[in-house]
1. Which of Asp38, Asp5 has the fewest other C-beta atoms within 10 Å, and how do the rest follow up to the most?
2. So how do Glu40, Glu13 line up by other beta-carbon neighbours within 10 Å, fewest first?
3. How do Val37, Val42 line up, fewest other C-beta atoms within 10 Å first?
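Taken together, the values in this text are just the output of simple stated rules run on the coordinates, not laboratory data. All of these numbers come straight from a predicted model, not from anything done at the bench. Neighbour counts run over all protein chains shown; Cβ positions are idealised from the backbone, glycine included.
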Amino acid sequence: MSSGDFLEGLEREVDADLAMVEAGAPAADTPPSEWLVDPEEVEVEQTEYTSLLGAIKALETDRTDPGEAPTGLDDTVRGQ
């Protein structure tokens, strides 16, 4: 498996996890006694997954177009 395949698979998994988190969030008009999850926890998870997606996209850009502006990743992370 190449690093590109790994990143694409990871991106699909993170997208699926993000969709599940968003689908599980309680509606705005649901009383707290009926919540299955805490909306603040949902928001934290959404932020974490969105951040992870941004990191994956940055790695994909670094891998596919070395002429792009640096992302702040050091050479050990990029495998150089």
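1. On the way: Asp38 12, Asp5 9.
Ordered from fewest to most neighbouring Cβ atoms within 10 Å, Asp38, Asp5 come out as Asp5, Asp38.
2. On the way: Glu40 8, Glu13 12.
Taking fewest neighbouring Cβ atoms as first place, the list is Glu40, Glu13.
3. Listed from fewest to most nearby Cβ atoms, that is Val37, Val42.
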